[in-house]
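J.: After the structure tokens below, expect a handful of questions from me.
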2 protein chains.
Amino acid sequence: MSQTVPDWSVLAASCPSRKSLARIANKWTAMVVTVLGNGRMRFGDLKQEIDGISGKVLTETLRDLERDGLVTRHVYAEVPPRVEYELTELGFTLHEPLLVLCRWAEQHIAEVLVNRERYDAR
Amino acid sequence: MSQTVPDWSVLAASCPSRKSLARIANKWTAMVVTVLGNGRMRFGDLKQEIDGISGKVLTETLRDLERDGLVTRHVYAEVPPRVEYELTELGFTLHEPLLVLCRWAEQHIAEVLVNRERYDAR
DNA sequence: GTAACCAATTACCTCAACGTAACTAACGGA
DNA sequence: TCCGTTAGTTACGTTGAGGTAATTGGTTAC
């Protein structure tokens, strides 16, 4: 029987997995995937949910995720346009890990702010 | 008894937790914290371990992590300089989540590359 | 003396990320 | 006829991330 060997390493500069890491270790990706974890959602709602994201950045982020197979795009032949986005099975494997990061940021921000003050005071 | 309420949300543009998320959901942070998870390490070794990182970026990343209280800096009064970095207790709570991201990138890059080809072929 | 060592800083440049605003398509409703 | 609707694109400008190279400082080895 064969065993999967770690052919790839993010620590190698030229390894494609590093660029992949750069895409998933990204604040917009984290927020989009976290929100989409709650289920299929249309563009406009996603944009409203993620306060402050511009339409341009949201479009780009979703395109990249779709390209990598993490998100599916559902287009309805309606007018005005109606487009929904959904995590794929692969994308869903990222939901929990990225949710953890979002939660970490929220749960530890108070402590971080204190540390920062202490550091800045020398 | 009191319950911790979610005062903070990364989905709010002006919430400080979002900037915190931006710092931890970052490829350099992910690699530095992952490597430091193996134990205290000096600057030069860290730089060698993370192939392709420039001294400038490594310094900046470590400063930010130190400022937020995720990393401790140990300076030895020697010459040539000897400086070691170590995860704090707080920083260590991030090790596992960020390691997961690195592993994800490595383990799914093959599938991602296939998806990407399929997408680019229309 | 001077070269090598290591962590760090600085100046300078380039390029990617991001924001804003204008514009498009196609239909239903006033 | 004109307007509002939604997802998306494009052009343009600004900011920030990041690379490279030069420089610092105090020892030890030559």
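The values are calculated or read from the model by the stated rules, or taken from the named source; none is laboratory data. Keep in mind that this is a model prediction, so the values were computed, not measured. Glycine gets a Cβ as well: all are built from the backbone with ideal geometry, and neighbour counts include every protein chain shown.
J.: Pairs, please: C-beta under 9 Å, at least 6 apart or cross-chain, first residue within 7 Å of DNA strand D (Cβ to nearest atom) and in region A:41-58, second among the aromatic types (Phe, Trp, Tyr) and not in a strand (DSSP E or B)?
T.: A:Gly55/A:Phe43
J.: Something else about it: Tell me, yes or no, whether region A:34-53 has at least one residue that is more than 17 Å from the chain's Cα centre (by Cα), on the phi < 0 side of the Ramachandran plot and outside any helix (DSSP H, G or I).
T.: No - not one qualifying residue is present in region A:34-53.
J.: Regarding region B:7-21, can at least one residue be identified that is within 15 Å of DNA strand C (Cβ to nearest atom) and among the aromatic types (Phe, Trp, Tyr)?
T.: no
J.: Right, here's the next one. Taking region A:94-107 only, how many residues are more than 7 Å from every other protein chain (Cβ to nearest Cβ) and either surrounded by fewer than 16 Cβ atoms within 10 Å (Cβ to Cβ) or away from DNA strand C (no atom under 16 Å from the Cβ) (or both)?
T.: Qualifying residue count, region A:94-107: 5.
J.: Criterion first (among the hydrophobic types (A, V, I, L, M, F, W, C), over 28 Å from A:Thr72 (Cα atoms), modelled with pLDDT under 95 and surrounded by fewer than 19 Cβ atoms within 10 Å (Cβ to Cβ)) does B:Val5 satisfy it?
T.: So B:Val5 passes the test.
J.: So, one more: How many of the residues in region A:36-51 are under 10 Å from A:Leu87 (Cα atoms) and surrounded by 15 or more Cβ atoms within 10 Å (Cβ to Cβ)?
T.: The qualifying residues number 3.
J.: Does A:Ala121 meet the test of being more than 12 Å from the chain's Cα centre (by Cα) and more than 12 Å from every other protein chain (Cβ to nearest Cβ)?
T.: The answer is no for A:Ala121.
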